[in-house]
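A quick write-up on the structure given underneath.
The values are calculated or read from the model by the stated rules, or taken from the named source; none is laboratory data. It should be emphasised that the depicted structure is a prediction, and the values quoted were computed from it without experimental measurement. Cβ placement follows ideal geometry from the backbone for every residue including glycine, while neighbour counts extend to all protein chains displayed.
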Amino acid sequence: MIARLKGSIESVDEGSAVIDVNGVGYLVSASSRTLRDLVVGQPATVLVETIVREDAIALYGFLDTAERDWFRILTTVQGVGARVALSILSTLSPDEIARAIAAGDKASLSRPAGVGPKLAARLATELKDKAAAFGVAPSPARGAAAAAPAAPGSVNEDAVSALVNLGYRRVEAFGAVARVTQRLGEGAQLDAVIRAGLQELAR
């Protein structure tokens, strides 16, 4: 199986590129995000996912491991083939996909072509644990008083709601709170998380 190609970019078309490796041209499908960074005539090293079908062998290329990993994860969901996975990766970066899934942001997940509301809901439900594994889901925050801890995640959830009420998109607010929580620790108070979240979003 082909796992990586190193050569020069012979051509870049909509949805694919041809990589010349020692005189052999490999047709590699890729997201628009990856194709934007491929320059005709320039050298490139592309990670490859090889999918063998009855009628063809298809190569899918990625410039970083995060995009390749999410391609593999997305295609485990029923209804998400390689074409839809590339559509998702063309619209959302790997970090945005992880945050959208962790936040249950079905609106963002519905943006790519080929993803309807039902499929977006399935992605958010089935891949939530995978998003957490990418380190984007904030850990449950607890109050300072051990005798009466807050409900799991309540500080984070309240902070996200507050930022959304201030006009930020839920996926942006969720990502900011996740980063802030990791920095401030589990005992952070709600007002501190909101303030730090606003600073994070203002960057």
ask   = Restricted to region 101-143, and to residues that are under 26 Å from VAL193 (Cα atoms) and touching a Lys or Arg at 6+ places or on another chain (Cβ under 7 Å), which residue is modelled with the lowest pLDDT?
value = VAL136
query = Within the set of pairs 6+ apart or on separate chains, which have a first residue in region 89-106 that is more than 19 Å from ALA121 (Cβ to Cβ), a second that is modelled with pLDDT of 85 or more and not in a helix (DSSP H, G or I), and C-beta atoms under 6 Å apart?
reply = LEU89/SER31; SER90/SER31
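Quickly run through region 185-203 and pick out the residues that are assigned to a helix (DSSP H, G or I) and either surrounded by fewer than 17 Cβ atoms within 10 Å (Cβ to Cβ) or in contact (Cβ under 8 Å) with a residue 24 or more places away in the chain (or both). Steps first, please.
Step one: of region 185-203, the residues assigned to a helix (DSSP H, G or I) are 190-201.
Result: LEU190, ASP191, ALA192, VAL193, ILE194, ARG195, GLY197, LEU198, GLN199, GLU200, LEU201.
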request  = For region 48-74, name all the residues that are surrounded by fewer than 19 Cβ atoms within 10 Å (Cβ to Cβ) and more than 16 Å from ILE19 (Cα to Cα).
outcome  = ILE51, VAL52, ARG53, GLU54, ASP55, ALA56, ASP64, THR65, ALA66, ASP69, ARG72
task = Would you check if ALA147 is outside any helix (DSSP H, G or I), closer than 24 Å to GLY197 by Cβ and at pLDDT below 80?
result = no
request  = Just one of (1) surrounded by 15 or more Cβ atoms within 10 Å (Cβ to Cβ); (2) free of Cβ contacts under 8 Å to residues at least 24 places away in the same chain trips up PRO112, so point out which.
outcome  = (2)
inquiry  = Can you confirm whether ALA103 is within 18 Å of VAL171 (Cα to Cα) and surrounded by 14 or more Cβ atoms within 10 Å (Cβ to Cβ)?
reply    = yes
task = Would you check if there is a residue in region 84-100 being over 13 Å from the mean Cα position of the chain (by Cα), of a type outside the set (Phe, Trp, Tyr) and at pLDDT 95 or above?
result = yes
request  = Count, please, the residues in region 57-74 that happen to be within 11 Å of ARG33 (Cβ to Cβ) and part of a strand (DSSP E or B).
outcome  = 1
Whichever residue in region 1-26 is of a type in the set (A, V, I, L, M) and either outside any strand (DSSP E or B) or without any contact (Cβ under 8 Å) to a residue 24 or more places away in the chain (or both) and, among such residues, is nearest to LEU63 (Cα to Cα) = ALA3
request  = Tell me which residues, restricted to region 156-184, are hydroxyl-bearing (Ser, Thr, Tyr) and surrounded by 23 or more Cβ atoms within 10 Å (Cβ to Cβ).
outcome  = THR181
